[in-house]
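Here the structure comes first, spelled out in structure tokens, and everything after it is commentary.
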Amino acid sequence: MATSPKNEIADESHKTKKAREKLKKQLENIDQTITKDAIHEKSNEIHRWINRHASQRVVLRTKSISLFDGNQNAAKNSEKVESFAEQLKEQHLKSQ
């Protein structure tokens, strides 16, 4: 395929085409391993893992959790922000 003035994208090299085909085959192989039985088995495995680690769970009913705490526990400012704030403060003091 030759490139036209409108389309300035070069054709794929042989190496790129080969890599694309290899990845395509790998994805097809993965797709073949995803079956209802495999999903069911993985689901059972996850349930067994959860049951094994049940003793390490934190009981959330005794803890208060909220997504926003009104900035009661705000993160510290970064050095860049602190530096910028200091520059603004100095400029403000100079302008007065």
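The values are calculated or read from the model by the stated rules, or taken from the named source; none is laboratory data. Computed from a predicted structure; not experimentally measured.
Looking only at region 59-80, which residues are hydrophobic (A, V, I, L, M, F, W, C) and within 25 Å of the chain's Cα centre (by Cα)? Before the answer, list the steps.
So in region 59-80, the residues hydrophobic (A, V, I, L, M, F, W, C) come out as 59-60, 65, 67-68, 74-75.
Listed by number, the residues that qualify are 65, 67, 68, 74, 75.
Which of the residues that make up region 47-96 are at pLDDT 75 or above and of a type in the set (D, E, K, R)?
Across region 47-96, the qualifying residues are 48, 52, 57, 61, 76, 79, 80, 82, 86, 89, 90, 94.
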